[in-house]
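The values are calculated or read from the model by the stated rules, or taken from the named source; none is laboratory data. The structure presented is a predicted model; accordingly, all values stated were derived computationally and were not measured. Methodologically, a virtual Cβ is constructed for each residue, glycine included, from the backbone with ideal geometry; neighbour enumeration extends over all protein chains shown. Accessible surface is based on the protein model in full, side chains and every heavy atom, while ligands, DNA and RNA are left aside. Shrake-Rupley method; radii C 1.70, N 1.55, O 1.52, S 1.80 Å.
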Amino acid sequence: MSTPFSVLKRITATRPAPQPGARCEMCAEAIGDRHQHVVNVEGRALMCVCRGCYLLFTDQGAELRYRAVPDRYLSFPGFELGPGRWDELEIPVGLAFFFRNSVLGRMVAFYPGPAGATESELPLDAWNAVRAANPELDTAADDVEAVLIRMPEEGRGEAECFLVPIDACYEFVGRLRTLWRGFDGGQEARGYIDDFFAGIAARAGRSHAGGAGREFRGGEAP
C-alpha cells in the first residue's frame with residue numbers, strides 16, 4: 001500500500017534535472033504562477049508544488065514532515081481584545097500574525113517591518129488570555145494557518161482579526177518590506193496594508209481547503 005512517504009521517496013528518486021520556468025519543488029513538474037504550497041514543518045520553509053504533490057499532504061491530522069497549506073479565509077467579527085491586552089503581547093507595532101509551531105509545541109508571533117517578518121517573544125500567558133476570550137482562534141491548523149490581527153490606528157475603531165493561510169502572511173510581509181520607507185513605512189506601505197486587508201475581508205468565509213494558492217518565490221519562512 002502506498003503511503004505519502006513511499007510516494008515522496010519515489011518522486012525524489014525519479015525527479016528530472018531542473019528546467020527553466022516555475023517547477024514543483026518535489027517532482028519538478030511545470031507549475032504556473034498561481035500554484036499551491038506545502039510547509040516543511042521541521043525546516044520551517046514553504047515549498048511551491050504541483051497539484052499532485054500538494055494532495056499527498058492534505059491530511060492535517062497525519063504526522064508528516066510536510067503539510068499542505070489550505071486556502072481558507074475566515075473573519076472573526078466578534079473578536080475581543082480588552083484594554084492593555086495588545087501591550088501585554090509585547091508586539092511593538094499594530095499588526096502581527098500568530099500560529100502554532102508543532103515542532104516547538106507552542107504559539108509563535110511575527111510582525112512586519114523593513115527587514116521582513118520579525119519574530120516576537122510571545123508571552124504565552126498573555127496569548128492564552130486572548131484565546132480564552134476568543135475560543136474560535138483555535139480553529140487555525142498548526143503550521144499552515146495563522147491568526148492575523150490588526151490594531152486600529154490611534155485607538156480609533158476595533159481590532160481586525162482573520163484566519164488566513166500562512167503563505168499569505170509571508171507574501172504580505174515580503175511585499176511590504178519592498179515598499180517600506182522611513183520609520184513608519186510610508187504612504188505606499190500603508191496603502192498596501194489597507195488594500196491587503198480589504199482583500200482578506202472580501203474573501204473571508206467564501207474559501208475552501210485545497211484551493212489555488214498565490215505565487216510565492218521560494219526561500220525559507222521566518
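Computed about the Cα centre, the dipole magnitude for segment 52-111 is approximately 220 debye when only Lys and Arg (+1) and Asp and Glu (-1) carry charge, each at its Cβ. Here r is the Cβ-Cβ distance between E119 and R177 and R0 is 22 Å; the resulting FRET efficiency, rounded to 0.05, is 0.90.
Accessible area per residue for segment 61-131 is 48 Å², calculated with a 1.4 Å probe on protein heavy atoms, without ligands, DNA or RNA. Accessible area of D194 (1.4 Å probe, protein heavy atoms only, ligands and nucleic acids ignored): about 80 Å².
Looking at segment 136-204, the accessible area is 47 square angstrom per residue; that uses a 1.4 Å probe and ignores ligands, DNA and RNA. Simple rule: put +1 on each Lys or Arg Cβ and -1 on each Asp or Glu Cβ in segment 42-190, find the dipole, and look at A126, P152, T58; the Cα lying farthest toward the positive end is T58. Here the accessible area of segment 75-203 is 49 percent carbon and sulfur, with a 1.4 angstrom probe and all protein chains present.
Charge dipole of segment 36-170 (Cα centre as origin; +1 on each Lys and Arg Cβ, -1 on each Asp and Glu Cβ, all else neutral): 420 debye, rounded to the nearest 20. Note on segment 74-114 and segment 23-43: Cα centroid distance 28 Å, given to the nearest whole angstrom.
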